[in-house]
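Report on one structure; see the data block that follows.
The values are calculated or read from the model by the stated rules, or taken from the named source; none is laboratory data. Treat the numbers as computed from the prediction; the structure is a model and nothing was measured. Neighbour counts are summed over all protein chains in view; Cβ atoms, including those assigned to glycine, are modelled from backbone coordinates with ideal geometry. Side chains included, ligands, DNA and RNA excluded: accessible areas come from the protein's heavy atoms. Shrake-Rupley method; radii C 1.70, N 1.55, O 1.52, S 1.80 Å.
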Amino acid sequence: MRKTRSRRFIPATALALAAITSLAACSGGGGGGGEQGGGSGSGSGAASGTDPDKFTVMTANENPTLESLLTQLSEDQCAAENEALPIEHQKVAQADVVQKITLLASQDAMPAHTIAGTALIRPDGDLGAAGLVQDLQAALEDSGGWENVLPAAASTEENVYGGFVSMPYQYNIEGFWYNKQIFEEQGIEVPTTWEDLLAAADTLQQAGVQPMTTAGAQGFPLTRLMGMYIFRNVGPDAMEAIRDGDAKLTDEEYVAGAQALADLAATGYFGEGFTTRDGDTSTNLFLTGTAAMTYDGSWILGAVNDPERNQIGGENVGFFPFPEVEGGEGSIEQYPANAGAPMIISAKTYGPKVADWVSCIAENYGGLALNEAGVISGFTVNEEVTDISPNTAEIQELISGIDEETVLWFEALFDPKSNSLASTNATLLTTGQMTAEDYMAALQESIDANK
């Protein structure tokens, strides 16, 4: 990533990173230099840090819901924890997160609980390697609160971050959303294999119904489909093998994923003009009954639950996982998932009072978020849930029952340049201007060049 930064930015960042490195020697202890945190680049489970004067929480400007929900906890279920260590909120623009947290870490001034960049908090990242990131699995196991974390969330974080180091305030799974009424009218059963999906799409097209919609203008909705085909074909470790150099995107089984996406587009199943279609337009095509299916994340529930947008009715919205690929190594039970923006706990300030806050949040956030905001998190729901839509309740129940490993999205482990290239070239692939082989060759070349 450093290679892509401007000359003007490099000196300041380099100084900050140097300062972070110098902090590693005292990363696990208190402000005056306590014991170093255990684990691979993260604080140990025991609350061996020094509690700050305030439980300072830094969240993104773009996420007011999290601040509101944590404030509600401080006034109710976590009132005792707040009395012992009052909560204090700070804000940062999402685009400025990496620069801001890097600077604060270099000044030994990281908030107790803060948003951070994904690459920074991995074991080999600048914060992770310096021991500044608290190991939250160890922490919650130490406090007895690990049972409040959903297995699916733990699996997803292990895949993304290399450990459970972020509070999973938002949790999303992906799959196909479909119009139940249209499926029933056309006599279509929910697809469980790729061939079933293609047959269903063909039936819909022959009946004059647009089979599916996608936001092609954004690029990543297209690569999501390709990536899931690869995960079902190659197996859940498909993209880790690319990252680790054990496989190449030019290998036959990976090219097959690009070809599957190209074929899907060539049939016309996405409808006219899909490469210039944005997210809202694509969602509206589904919720007005124009398209019978859309591949999306559970964040679409906001639109599904909006009666002004959802003209087909919540009772006609169904969900099914990405189908299996015949002969593939992946399972239909391996859902693609993400846990939202990373929210870490500082290992240096992880003292007994912060530990109490972490335990209280883990126990109570899941129910509060679902009841008050309709937000599905990676925490268990430990209170009665009332007044939420059947669609949201269905997905929450599904997530709670996931006990197999989850998978990431196609570009999750790519460097920024290759990530961008994957989306940019997806348009060329799906419009026939680039072959599947050429698409994967260009992407592999970028990955090799940016290691």
Looking at D296, is it out of contact with any strand residue (DSSP E or B) (no Cβ under 7 Å at 6 or more places or on another chain) and either open to solvent by less than 30 Å² (accessible area, probe 1.4 Å) or modelled with pLDDT of 95 or more (or both)? no
Quick test for you: out of S359, S400, pick the one residue that is surrounded by fewer than 21 Cβ atoms within 10 Å (Cβ to Cβ) and modelled with pLDDT of 95 or more. S359
Answer yes if at least one residue in segment 392-407 is under 24 Å from L132 (Cβ atoms) and either in contact with a Phe, Trp or Tyr (Cβ under 9 Å, 6 or more places away or on another chain) or in contact (Cβ under 8 Å) with a residue 24 or more places away in the chain (or both), and no otherwise. no
Please state which one of P352, P321 is more than 29 Å from E405 (Cβ to Cβ), of a type outside the set (G, A, S) and either touching a residue at least 12 places away in the same chain (Cβ under 8 Å) or open to solvent by 10 Å² or more (accessible area, probe 1.4 Å) (or both). P352
Just for segment 328-346: of the residues that are open to solvent by 10 Å² or more (accessible area, probe 1.4 Å) and among the polar types (S, T, N, Q), which one is farthest from N63 (Cα to Cα)? S331
From the list T114, T102, which residue is in contact (Cβ under 8 Å) with a residue 40 or more places away in the chain and not in a helix (DSSP H, G or I)? T114
Which condition number does Q311 fail, the rest of (1) in contact with a helix residue (DSSP H, G or I) (Cβ under 8 Å, 6 or more places away or on another chain); (2) touching a residue at least 40 places away in the same chain (Cβ under 8 Å); (3) surrounded by fewer than 17 Cβ atoms within 10 Å (Cβ to Cβ) being met? (2)
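Could you grab me the full set of residues in segment 187-197 that are surrounded by 13 or more Cβ atoms within 10 Å (Cβ to Cβ) and free of Cβ contacts under 8 Å to residues at least 40 places away in the same chain?
If the condition is that a residue be surrounded by 13 or more Cβ atoms within 10 Å (Cβ to Cβ) and free of Cβ contacts under 8 Å to residues at least 40 places away in the same chain, then I188 is the only one that fits.
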In segment 118-163, residue farthest from V98 (Cα to Cα) [restricted to those that are β-branched (V, I, T) and more than 15 Å from the chain's Cα centre (by Cα)]: V149
Consider G289 carefully, then state whether it is at pLDDT 95 or above and more than 24 Å from the chain's Cα centre (by Cα). yes
Please tell me if A153 is under 25 Å from D108 (Cβ atoms), out of contact with any strand residue (DSSP E or B) (no Cβ under 6 Å at 6 or more places or on another chain), touching a residue at least 60 places away in the same chain (Cβ under 8 Å) and outside any loop (DSSP other than H, G, I, E, B). no
Could you give me the residue pairs with C-beta distances under 6 Å whose first residue belongs to segment 47-71 and is without any contact (Cβ under 8 Å) to a residue 60 or more places away in the chain and open to solvent by 40 Å² or more (accessible area, probe 1.4 Å), whose second residue is of a type outside the set (K, R) and in a loop (DSSP other than H, G, I, E, B) wherever it lies, and which are 6+ apart or on separate chains? K54/P86; N61/A93
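Here is a yes/no grid of residues against (1) of a type in the set (F, W, Y); (2) closer than 26 Å to K91 by Cβ:
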| residue | (1), (2) |
| --- | --- |
| F319 | yes, no |
| G328 | no, no |
| A339 | no, yes |
| A355 | no, yes |
What are the residues in segment 90-120 that are under 11 Å from S346 (Cβ atoms) and either open to solvent by less than 10 Å² (accessible area, probe 1.4 Å) or of a type outside the set (D, E) (or both), if any? I101, L104, A105, A109, M110, P111, A112, H113, T114, A116
List the number of the failed condition for G32; all other conditions in (1) under 22 Å from the mean Cα position of the chain (by Cα); (2) modelled with pLDDT under 95; (3) more than 20 Å from V165 (Cβ to Cβ) hold. (1)
What are the pairs with Cβ atoms under 9 angstrom where one residue, in segment 422-443, is open to solvent by less than 10 Å² (accessible area, probe 1.4 Å) and the other, located anywhere, is basic (K, R)? Sequence gap at least six, or different chains. M440/K248
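For every residue, the table says whether it meets (1) over 20 Å from P151 (Cβ atoms); (2) of a type in the set (V, I, T); (3) in a helix (DSSP H, G or I).
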residue: N382; (1), (2), (3): no, no, no
residue: N391; (1), (2), (3): yes, no, yes
residue: D403; (1), (2), (3): no, no, no
residue: L421; (1), (2), (3): yes, no, yes
residue: N425; (1), (2), (3): yes, no, yes
residue: Q433; (1), (2), (3): yes, no, no
residue: E437; (1), (2), (3): yes, no, yes
residue: K451; (1), (2), (3): yes, no, no
By residue number, the members of segment 405-418 that are crowded, with 21+ Cβ neighbours inside 10 Å and assigned to a helix (DSSP H, G or I) are S418
